[in-house]
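The values are calculated or read from the model by the stated rules, or taken from the named source; none is laboratory data. Just so we're clear, the structure is a prediction, and the values are computed from it rather than from any experiment. We place every Cβ from the backbone using ideal geometry, glycine too, and count neighbours over all the protein chains shown. For accessibility, only protein heavy atoms count, side chains too; no ligands or nucleic acids. Shrake-Rupley method; radii C 1.70, N 1.55, O 1.52, S 1.80 Å.
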Amino acid sequence: MILSLALAAAAGGLSARVDAVADRARLAGVLLVARGDRVLVEKGYGTVSPGGGAMHDPRARWRLASITKQVTAALLLRDHPAALDAPVARPGGPRGATLAVTLRQLLTHHSGLANPDDTPAAAGSLPAFYTRAAPDLGYCLSRPTVPGSAFAYNNCDYLVAAAATGGVRGWPAGMTMARGMARGVPGFVGGRPEPAFRLAAFGAAGGLTGTARSVFRFDRALMTGMLLLPPLRAELWTPEGGGSYQALGAWVFPGRLAGCAAPVRIVQRDGEIGGVQTRNYILPDADMVVVVFTNRSSDDFPIGEIWQGKGFAFDLLSAAVCGKDMA
């Protein structure tokens, strides 16, 4: 009984600190904070529309944006562990045809593939690639691959990686690939509804939808070894080096947070499509998860980076992980 009261009091203190950070930043979105298997905070903040009205519901379904890449990388590593450094099959090519790049090079954006962001802007300024009903692999493969090329962030890398391995199997519970015009919670850019696009066109690079709770469940499956055995998880979370913290589908780095005596290892996945931003922070050594969704663009609500030592993300993780009162 005494232990239960102590745990409840600790959770209440964490919730109050997180609320203070969210309220001060005027977050419009959803937060989830968990330690171990226990969800300590799962709340909606602010209104869905900048003009007021319905409040954010923590159970709502969102586009996961590039958290999809984190999931794709984990599932492809689970299903093809021996193929990470072998040339991948050419999607749609004759049997036995391969591309020069490896699965690892695709998952770390060193491929030289054509980039959807280079397609002409459609109405509302989004690249035309994202107005189609499905990913355009033909466009992705319209330029020869350049194995080991310099890092260039490119959604085609993950679209080709998924297609070359026969597709991603078994999306985590609660996550589904967008179809038709499904987009989840609507986004806003500059206080206005976001431009039109088809989330389905992002496929294995950004097309998943789900709740904050479904992201947490995926994280726990990784953290506990249910999804990947420890050696494969270590492979997933090992930065490529050479001054880069990029791992497979995420960035892994030592984060300096206020209130923690030493740097904290952070597995971070960012996402933004239209007017929705997503963040997934896994802190393996602290046994914690922090998930953030907001339906305001990065110009309207800058989440910030941990290395900046200030801003929303820094304050949130300092409060949640290190117990720092950021008021």
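Structural remarks
- Net charge dipole size for the chain [Lys, Arg +1 and Asp, Glu -1 on Cβ; Debye, nearest 20]: 560 debye
- Note on the chain: the C-alpha convex hull projects to 17.2 nm² when averaged across all orientations.
- Heavy-atom accessible area for Glu272, with the other protein chains in place and a 1.4 Å probe, reaches approximately 80 Å².
- Applying the Karplus relation 6.51 cos²θ - 1.76 cosθ + 1.60 with θ = phi - 60° to region 13-26 yields 3J(HN,Hα) values of x, 4, 4, 5, 5, 5, 4, 4, 5, 5, 5, 5, 7, 6 Hz, where x marks Gly and Pro.
- Per-residue 3J(HN,Hα) values for region 196-202, derived from phi via the Karplus relation 6.51 cos²θ - 1.76 cosθ + 1.60 with θ = phi - 60°, read 6, 6, 10, 4, 4, 5, 7 Hz in sequence order (x marks Gly and Pro).
- Long-range amide H partners of Ala114 with built H, under 5 Å: Ser142, Arg143
- Positive contributions from Lys and Arg (+1) and negative ones from Asp and Glu (-1), summed over other residues with Cβ under 14 Å from the Cβ of Ile306, come out at +3.
- Helix axis angle, 212-223 relative to the chain longest principal axis, alpha carbon, degrees: 80 degrees
- The candidates Trp307, Trp251, arranged from most to least accessible area with a 1.4 Å probe in the full protein assembly, appear as Trp307, Trp251.
- Residue-level accessible surface for Arg132, protein heavy atoms, 1.4 Å, Å²: 90 Å²
- Think of the chain as having a plus end and a minus end, set by charges on the Cβ of Lys, Arg, Asp and Glu; of Gly167, Ala73, Ala22, Gly167 sits farthest toward the positive end of this dipole.
- Per-residue ellipticity at 222 nm, computed for the chain from helices alone with -39500 (n - 2.57) per DSSP H run of at least four residues, works out to -8000 deg cm²/dmol.
- In this structure, the amide hydrogen of Arg265, modeled 1.01 Å from its nitrogen in the peptide plane, lies closer than 5 angstrom to those of Gly255, Asp285, counting only residues at least 5 positions away or on a different chain.
- Couplings 3J(HN,Hα) for region 234-243, derived from phi with the Karplus relation 6.51 cos²θ - 1.76 cosθ + 1.60 (θ = phi - 60°), are 4, 4, 4, 9, 8, x, 5, x, x, x Hz, where x marks Gly and Pro.
- Acute angle (nearest 10 degrees) that the helix 155-164 long axis makes with the longest principal axis of the chain, alpha-carbon atoms: 60 degrees
- Near Thr98, the amide H atoms lying under 5 Å from its own belong to Arg90; only residues 5 or more places off or on other chains count, and H is placed 1.01 Å from N.
- Take Arg217: with every protein chain present and a 1.4 Å probe, its accessible area is about 130 Å².
- Scaled against the 2.2 N^0.38 Å expected of a compact globular protein of N residues, the Cα radius of gyration of region 47-121 reads 1.64.
- Think of each Lys and Arg Cβ as +1 and each Asp and Glu Cβ as -1; about the Cα centre, that makes the dipole of region 1-144 roughly 100 debye.
- Only the Cβ atoms of Lys and Arg (+1) and of Asp and Glu (-1) were treated as charged; on that basis the dipole of region 247-320 about its Cα centre amounts to roughly 120 debye.
- Computed over the chain: relative contact order in percent, which uses C-alpha pairs under 8 Å that are six or more apart: 23 percent
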